[in-house]
Amino acid sequence: MIKIRFYLITIVILSQLISCSGQKIKKEKILGNWQVVNNDSNNIIYQEIFINDSNIYYYEINVGMRPKAEYYIENNILFHSQLGSKFDEIGELKIEGDTLTISGYNHQVSWRIINGPNVLERFVNNRVTKAEFWEAYLSRYEEWLNN
């Protein structure tokens, strides 16, 4: 069940990286720290991701850090591979302002760019402790719940 949710969320995020004008999404546009936006559905769980030039890192409220996934973008479609598996299509990407949307398999997930001193990128790169990251993560989670 958690694996299915993960793939659905990832599909939605990647789908939103495609711009409305149909322009090709460049990898540079998706780099950074993102938090899931949709919280009006029981199928969406709070998650933050960090995307660098070769991997996507996932942190989920109920699970913690998930295995990183290698990724690539082809024709505005996001593909990723975890733990050495084959690359799977996640979904179509669309970017509008500071929002990334991934659409696929009749689902859509939106992500908003986040910044700050205690984001997932800094935790992954050992620039903040787990405790510092966790405190900031919980604060963002609480705000997400109340929106």
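None of the figures in this text is laboratory data; all of them are computed from the coordinates on show. This is a predicted model, so every value here is computed, not measured. Note that each Cβ is placed from the backbone with ideal geometry, even for glycine, and that neighbours are counted across all protein chains shown.
A few notes on this one:
- Length added when fully stretched, LYS24-ASN43, from 0.36 nm per residue minus Cα-Cα: 3.9 nm
- Counting neighbouring beta carbons within 10 Å and listing from fewest to most, the residues LYS86, LYS94 come out as LYS86, LYS94.
- Net lengthening on full extension, ASN147/ASN55 (0.36 nm per residue, minus Cα-Cα): 30.2 nm
- Computed FRET value (nearest 0.05) for ILE113 with VAL63, which takes r as the C-beta separation and R₀ as 22 Å: 0.50
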